[in-house]
Amino acid sequence: MICNLCPNRCNVNREVSLGICLSPEDMIINRIAPHFFEEPPISGTKGSGTVFFGGCTMKCSFCQNYEISKKPSGKEFSPKELAGKLQVLEGLGVHNINFVTPTHYSHKIRETLDIYMPNIPIVYNTSGYELTEVIRNMEKYVDIYLPDMKYASSDLAKKYSGRYDYPEFAIAAIAEMVKQKKNTYDSNGLMKTGVIIRHMILPGNSGDSINVLKVIKENLGTEVTLSLMSQFTPMPSCPELPSTLKPLEYKLVINKARDMGFEDVFIQEMSSAQKSYIPNWNEGL
């Protein structure tokens with residue numbers, strides 16, 4: 001397949017050469033396991049059934065999953081093999097199946113779900129750097145979207161993620177997600193369908209975070225669900241951001257969101273900014 005699944009549009013045959021995501025045609029997966037650190041209506045009490053793919057369409061210098069995103073080294077899976085693992089996850093009682101960093105394998109995810117569609121919600125957990133046509137192709141397969149909206153500033157997107165065009169692609173893709181899925185919940189408060197827009201505030205960049213809120217309000221309104229994240233953890237690969245987020249920075253962004261009229265907002269504990277929340281890549285099914 002000639003791959004143009006993301007805005008990078010590498011136009012390469014991944015069976016013979018690698019594009020920017022550094023991922024071959026066959027799925028590279030580093031972890032398949034219940035995960036308990038998503039938003040409450042996703043993790044619930046039994047966890048979210050996560051599938052962490054190797055590789056990434058972006059190059060975020062502060063990536064907490066850099067061990068697998070910047071050098072895919074997991075196990076190769078066929079759609080049939082992954083379908084079998086989804087059945088095992090479902091049997092463990094997880095609340096949903098959560099595909100993490102799925103963009104460059106979106107075609108394989110569809111093949112997998114054509115083989116076996118679990119009887120629990122399907123989550124598409126993405127950086128937001130997506131093509132709207134790919135999100136349209138996922139509509140009948142996905143119940144819940146968890147997109148990032150990382151930046152409003154193209155300059156910051158280029159500086160920290162190597163993607164100057166990130167803001168325009170992300171807001172267009174998220175608009176398509178919101179168009180597709182309305183938020184619904186079961187009797188236990190677990191999300192059945194919908195969209196949660198995530199934004200991690202970067203230390204020293206609360207001004208751009210406020211601009212992200214403005215972009216979301218202007219394009220999607222204030223009825224969308226937000227998750228404002230404080231979990232930034234310093235990484236050696238990003239010396240420009242050497243410290244965790246200050247409580248006053250986080251409070252400023254939260255207050256601005258409320259001032260703008262956003263009411264459905266998830267807020268993290270500041271204690272989430274630590275490496276213990278990064279999954280162990282040597283564990284899982």
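The values are calculated or read from the model by the stated rules, or taken from the named source; none is laboratory data. All values derive from a computational prediction rather than experimental measurement. Every residue, glycine as well, gets a Cβ built from its backbone with ideal geometry; the counts of neighbours run over all protein chains shown.
Show me the strands (runs of 3 or more DSSP E) entirely contained within region 179-285 in which 2 or more residues are of a type in the set (A, V, I, L, M, F, W, C) and touching a Leu at 6+ places or on another chain (Cβ under 8 Å).
Of the strands (runs of 3 or more DSSP E) lying wholly inside region 179-285, those with at least 2 residues that are of a type in the set (A, V, I, L, M, F, W, C) and touching a Leu at 6+ places or on another chain (Cβ under 8 Å) span 191-200, 265-267.
Hey, residue 186 hits all of (1) within 25 Å of residue 78 (Cβ to Cβ); (2) without any contact (Cβ under 8 Å) to a residue 12 or more places away in the chain but one; which does it fall short on?
(1)
Inside region 85-114, can you point out the residues that are among the aliphatic types (A, V, I, L, M) and surrounded by 15 or more Cβ atoms within 10 Å (Cβ to Cβ)?
Of everything in region 85-114, those that are among the aliphatic types (A, V, I, L, M) and surrounded by 15 or more Cβ atoms within 10 Å (Cβ to Cβ) turn out to be 86, 89, 94, 97, 100, 109, 113.
What's the number of the condition residue 59 fails, among (1) modelled with pLDDT of 95 or more; (2) closer than 17 Å to residue 6 by Cβ?
Single failed check for residue 59: (1).
If I go through region 123-177 residue by residue, how many of them are in contact with a strand residue (DSSP E or B) (Cβ under 8 Å, 6 or more places away or on another chain), aromatic (Phe, Trp, Tyr) and either surrounded by fewer than 23 Cβ atoms within 10 Å (Cβ to Cβ) or part of a helix (DSSP H, G or I) (or both)?
Number of matching residues: 1.
Against the condition of a type in the set (Val, Ile, Thr), surrounded by 18 or more Cβ atoms within 10 Å (Cβ to Cβ) and either touching a Pro at 6+ places or on another chain (Cβ under 6 Å) or over 28 Å from residue 135 (Cα atoms) (or both), how does residue 253 come out, does it pass?
yes
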